[in-house]
1. Taking amide H positions as placed in the peptide plane 1.01 Å from N, state which residues far from Glu50 in sequence (5 or more) or on other chains have amide H under 5 Å from it.
2. Residue separation times 0.36 nm, minus the C-alpha to C-alpha distance between Ser162 and Glu243: what's the value?
3. Please give, to one decimal in nm, the separation of the simple spin-label points placed at Asp227 and Arg93, each 7 Å out from Cα toward the Cβ.
4. Would you kindly derive the ³J(HN,Hα) couplings of the range 165-179 from the backbone phi angles with the Karplus curve 6.51 cos²θ - 1.76 cosθ + 1.60 (θ = phi - 60°), listing them in order in whole Hz, with x for Gly and Pro?
5. Taking the Cα-to-Cβ direction at Gln172 and at Val101 and moving 7 Å from each Cα, how far apart do the two end points lie in nm?
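Taken together, the values in this text are just the output of simple stated rules run on the coordinates, not laboratory data. Not measured: the values here are computed from a predicted model. Here the Cβ positions follow ideal geometry from the backbone for every residue, glycine too, while neighbour counts run over all protein chains shown.
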Amino acid sequence: MEKGLAGKPRQFILLLIMGACLSATSFTATAQVAPLAPKWLAGTPLPPVETFADGLARHHIDLTEAALVAALHGPDGEVRSLAAAQLAAMDDRPALTAILVALESEIDLQVQVNLAGAATWLGSPRALDRLQRLCQNINVPSASRLDASRYVSNKELPTCYSSVEQIEQTDQDPNIRVLAIAAALNYRGQSDKAQALAISALSDSAPTVRIAAADALRFLHATGAVDTLRHCLEIDGDDTVREYLREAIRALTTVDKAQ
């Protein structure tokens with residue numbers, strides 16, 4: 001999902017933000033994950049979101065505790081992640097020990113984040129500490145750091161927000177910078193900082209990042225950013241970006257008048 005963002009329809013960018021929203025929600029109830037590799041045509045309905053159980057069914061893994069615990073040590077990182085998530089979705093607290101054991105032996109950094117995230121939903125302080133260390137570790141891939149930050153945000157801790165900002169401001173991959181804006185947008189208790197980050201991103205060299213920034217300001221109802229958006233509209237040379245700047249200005253102006 002992190003490849004080939006440039007030139008994609010806006011629907012693609014919006015699903016990145018939706019995926020961030022979904023990963024930041026509780027494992028309870030529907031227990032859903034964003035598709036790993038979404039593919040669709042512009043103008044068609046967004047694809048359905050796969051549940052953890054559906055993902056495990058693709059790999060022929062039963063939903064019994066025994067099968068899921070065994071899957072925590074399987075050869076496929078996706079299966080290990082899904083098994084932990086399903087155990088958390090089932091609120092299987094006795095399985096927490098097994099998840100933590102799997103976490104300690106896990107080599108794949110992304111799977112570490114996934115296992116630790118599941119363990120935090122089962123109440124593990126040790127897993128939460130692991131996530132905070134992962135999000136702050138610059139040697140961990142940025143996408144994994146952002147995932148860790150979202151899990152930490154769900155615990156209403158500000159620990160990882162500075163990492164989100166650092167990734168958005170320094171990562172060379174515009175796709176990652178878009179994901180960082182989405183992570184900031186959904187980071188609990190940091191809306192003012194997220195707004196400032198989005199405003200800064202309006203001057204990003206990548207059109208997709210500028211579009212994501214405009215959408216973030218619209219989502220945040222950042223009516224105070226209208227003048228900045230208008231200035232960007234005057235100087236931005238990308239017609240597609242200008243279209244989305246206009247949409248954000250129209251939406252925020254409407255919000256401002258209604259207040």
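1. The answer is Val33.
2. 26.1 nm
3. Distance between the two pseudo-spin positions: 5.4 nm.
4. Once θ is set to phi - 60°, the couplings for the range 165-179 become 4, 4, 5, 5, 7, 10, 5, 6, 8, x, 4, 5, 5, 4, 5 Hz.
5. Rounded to a tenth, the inter-label distance reads 4.2 nm.
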